[in-house]
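Engineer: What follows is a single structure, and I will ask about it in a moment.
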Amino acid sequence: MTEPFMLDLHSYLRRLGYSSAPPATLETLRELQLRHTAEFPFETLATLLRTPVQVEPAAIQDKLLRQGRGGYCFELNRLFLLLLQALGFEARGLTGRVLMGGPEDALPARTHMLVLVTLDGVRHIADVGFGGMVPTAPLLLDSEAQQATPHEPYRLTLVDGSYTLRALVAGSWRAMYVFDLQVVADIDYVVGNWYVCTHPDSPFLGQLIAARTGPGLRKTLNNGSFAIHRLGQDSERVQLQSVDAVLEVLRDEFGIRLPEHPELRGIIEGLIAGA
């Protein structure tokens, strides 16, 4: 019989800079989302190495809080949802279809998880797992106005029951993902995660992607291409030329404790050679 999951709330909050549980307020939600995207990196080392990604809460907690790793949406947002619920927020998970980099009229699989939070009857979406364009503040769901965050502005539009999230990037509103409010069961996360980490068409399979936010900046790594994007400035980009350089960036810039895997260096070397 499986033991019930217990969230290590003290360790989780300590990683986010809290000595005690904060109140379930909008200000707390804003601060939690900002701190979370800076502390826990988005990373796809597991899918790069083609190792199973487990989305059971105990496995995610172990990976993020014990192993010194990050993860992707089904890991980061699932644990974040449990944190919010433990703090007394009215919150539940949603799933979405990623549009970033593709046509807006596409209808891809539901491979993204985000969180719906209701505070005093007002609905917000929170997301700590959308890679290099993760929103760094909760967004009002029932508003189509431009919404400021500590990083880029975002806006939501509603058409026929589906919401589209867009971000203002280089002067252009670009679609990030589309989602609705249908009830999500745990099995939906399992199925979506299975596609992301095993399907040949998954954009994460065999790819090294990492992202992390900071004050006024975003850091991204796509295979061997490392970039720092500063608000209002040109991005700084460098093509990393060695395996050691990539591993150093993962450790020092993204705060990732590298997994002990016999093929890690060889796989990264192949990515650099193919760039």
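What follows draws every value from the coordinates through simple rules; no lab data is involved. Keep in mind the model is a prediction, meaning the values are calculated, not measured. Note: ideal-geometry Cβ built from the backbone for every residue, glycine included; neighbour counts use all protein chains shown.
Engineer: Taking the Cα centre of the chain as origin and charging only Cβ (+1 Lys, Arg; -1 Asp, Glu), how large is the dipole, in debye to the nearest 20?
Structural biologist: The dipole magnitude comes to about 360 debye.
Engineer: Quick one: S202, S235, fewest Cβ neighbours within 10 Å first, how do they rank?
Structural biologist: Exposure proxy ranking, most exposed first: S235, S202.
Engineer: Please state the shape class of the stretch 58-100: rounded when a/c is under 1.5, otherwise prolate if a/b exceeds b/c and oblate if not, all from the C-alpha gyration tensor.
Structural biologist: Oblate.
Engineer: Say we join alpha carbon atoms closer than 10 Å with springs in a Gaussian network model of the chain; which of D244, D105, D62 then has the biggest fluctuation?
Structural biologist: Largest GNM mean-square fluctuation: D105.
Engineer: Which peptide among 39-47, 151-159 comes first, and what is the full order, when sorted by highest mean count of other Cβ atoms within 10 Å?
Structural biologist: 39-47, 151-159
Engineer: A further question follows. So what is the 222 nm mean residue ellipticity for the chain from helices alone, if each DSSP H run of at least 4 adds -39500 (n - 2.57) and you divide by all residues, rounding to the nearest 500 deg cm²/dmol?
Structural biologist: Estimated from H runs of four or more residues: -8000 deg cm²/dmol.
Engineer: With the dipole of the chain worked out from charges on the C-beta (+1 for Lys and Arg, -1 for Asp and Glu) around the Cα centre, which of A24, L141, V55 lies farthest toward the positive end?
Structural biologist: Positive-end residue among those listed: A24.
Engineer: Over 22 Å, how big is the tail of the calculated P(r) for the stretch 57-181, in percent of all Cα pairs?
Structural biologist: 35 percent
Engineer: Counting other beta carbons within 10 Å of each residue's own, what order do H261, H229, H112 fall into, fewest first?
Structural biologist: Result, fewest neighbours first: H261, H229, H112.
Engineer: Please list the non-local residues whose amide H lies under 5 Å from the amide H of V169, H modeled 1.01 Å from N, same-chain partners needing a gap of 5 or more.
Structural biologist: Placed amide hydrogens put R174 under 5 Å from V169.
Engineer: Arrange M176, M113, M100, M133 by Cβ neighbour counts within 10 Å, fewest through most, would you?
Structural biologist: In order of increasing Cβ crowding within 10 Å: M100, M133, M176, M113.
Engineer: A further question follows. Can you give the direction-averaged projected area of the convex hull of the alpha-carbon atoms in the stretch 143-275, in nm²?
Structural biologist: Mean projected area of the Cα convex hull: 10.8 nm².
Engineer: Tell me, rounded to the nearest percent, the portion of alpha carbon pairs in the chain spaced more than 34 Å apart.
Structural biologist: Beyond 34 Å sits 14 percent of the P(r) for the chain.
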